[in-house]
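First up is the structure itself, then whatever we jot down about it.
Coordinate-derived values only; no laboratory data. In this text the structure is predicted, and so the values were computed from the model without any measurement. Don't worry about glycine lacking a Cβ; one is built from the backbone with ideal geometry, like all the others, and counts go over all protein chains shown.
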Amino acid sequence: MPRMKIFETLQEMADQVGQEIGASEWITVTQEKINLFAEATGDHQWIHVDVERAKKGPFGAPIAHGFLTLSLLPEIWGKAIKVNQTGMGVNYGLNRVRFMSPVPAGSKVRGKIKLLAAEPLDKGGYQYTYETTIELEGAAKPACVAESLVRRYP
């Protein structure tokens, strides 16, 4: 089981550019989570929420929304890395996202985080560029690879 990587300061994490800085534990993507995401977003496409029809569909089971998989980033980060100096963190955006494998209901995913860049900001903050690879248990290809920007402030 991966251990959370703890950094004392924003600078300490910034010094890890080019390195894998953390990996989360496995997260189960349940049908309930998929249904709740459909309710929250209004995306009720049958491949996600109609279990019986999805069993006969192209994936043989209901699958998570791509954006649900992407929305797991904060949970992945929260289980993989911590910076004690952080007083506040905000999502700043995404550079590139690819969904490479469907995530069937009941399957497990985990994230591996590589720090691509760290740029100093005003007031002692940093803008970090993470590449998070969301692996799908038992699959040859990841479910998703996302390059995201996160700003952290002391």
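Expressed as a rounded percentage, what relative contact order does the range 72-154 have, with Cα pairs under 8 Å and six or more residues apart? Before the final figure, lay out each step's value.
Details: 169 pairs, mean separation 31.9, N = 83.
Across the range 72-154, relative contact order equals 38 percent.
For Leu121 and Val97, the FRET efficiency from 1/(1 + (r/R0)^6), where r spans their Cβ atoms and R0 equals 25 Å, is about 0.60.
Using a Gaussian network model of the chain with C-alpha springs under 10 Å, which one of Pro120, Pro58, Pro142 is most mobile by mean-square fluctuation? The residue with the greatest mean-square fluctuation here is Pro58.
I want the antiparallel fraction of DSSP beta bridges within the chain, as a percent rounded to 5.
Beta bridges within the chain, antiparallel portion: roughly 90 percent.
Taking a spot 7 Å from the Cα of Lys5 along the direction of its beta carbon, which residues of the range 86-124 have an amide N less than 13 Å from it? Under cut-off, by backbone N: 111-118. Comparing Gly22, Leu72, Gln45 along the charge dipole axis of the range 16-85, the residue lying farthest to the positive side is Gly22, per the Cβ-charge model. For Tyr92, the residues whose amide H sits under 5 Å from its own are Leu149, Val150, Arg151, ignoring neighbours fewer than 5 places away on the same chain, with H placed 1.01 Å from N.
One quarter of the convex hull surface, Cα atoms only: what value does that give for the range 53-154 in nm²? Don't jump to the answer; show the numbers that get you there.
On the way: hull surface 28.1 nm².
Quarter of the Cα hull surface area: 7.0 nm².
Anything over 20 Å Cα to Cα? Flag those among Lys55/Lys79; Lys56/Lys108; Lys82/Lys108; Lys33/Lys114; Lys82/Lys141; Lys33/Lys108, in the order listed. Intermediate results must be reported in sequence, preceding the final value.
Details: Lys55/Lys79 32 Å; Lys56/Lys108 22 Å; Lys82/Lys108 22 Å; Lys33/Lys114 26 Å; Lys82/Lys141 27 Å; Lys33/Lys108 12 Å.
Over 20 Å apart, Cα to Cα: Lys55/Lys79; Lys56/Lys108; Lys82/Lys108; Lys33/Lys114; Lys82/Lys141.
Phi angles across the range 22-33 convert, under the Karplus curve 6.51 cos²θ - 1.76 cosθ + 1.60 with θ = phi - 60°, into 3J(HN,Hα) values of x, 9, 8, 6, 6, 10, 7, 9, 7, 4, 4, 4 Hz, Gly and Pro given as x. Counting beta carbons within 10 Å around each of Ile27, Ile134 and listing the fewest first gives the order Ile27, Ile134. Summary value for the chain: 30 percent relative contact order, contacts being C-alpha pairs under 8 angstrom separated by 6+ residues.
Taking neighbour Cβ counts within 10 Å as the exposure measure, how do Asp122, Asp50 sort from fewest upward? Arranged by neighbour count, lowest to highest, Asp122, Asp50 become Asp122, Asp50. Start at zero, step by 10 Å, and the Cα-Cα distances of the range 1-120 spread as 12, 37, 29, 17, 5, 0 percent across the bins.
May I ask for the net charge around Gln16, where only other residues with Cβ less than 13 Å from the Cβ of Gln16 are counted and Lys, Arg are +1 while Asp, Glu are -1? Combined, the nearby Lys, Arg, Asp and Glu give -3. Using a Gaussian network model of the chain in which every pair of alpha carbons under 10 angstrom is joined by a spring, one finds that among Arg110, Arg98, Arg53 the greatest mean-square fluctuation is at Arg53.
Can you compute the helix-only [θ] at 222 nm over the chain? Use -39500 (n - 2.57) per DSSP H run of at least 4 residues, normalise by all residues, nearest 500 deg cm²/dmol.
The helix contribution divided over the chain gives -6000 deg cm²/dmol.
With neighbours defined as other Cβ atoms within 10 Å of a residue's Cβ, the residues Tyr153, Tyr128, Tyr92 order from fewest to most as Tyr92, Tyr153, Tyr128.
Residue by residue, the range 126-139 carries 3J(HN,Hα) couplings of 9, 9, 9, 10, 9, 10, 10, 9, 9, 7, 10, 3, x, 9 Hz when phi is fed to the Karplus relation 6.51 cos²θ - 1.76 cosθ + 1.60 (θ = phi - 60°); x denotes Gly or Pro. Between the range 90-154 and the range 1-57, the C-alpha centres lie 10 angstrom from each other. Mean-square fluctuations from a GNM of the chain, with a 10 angstrom spring cutoff on Cα atoms, peak among Glu20, Glu137, Glu39 at Glu39.
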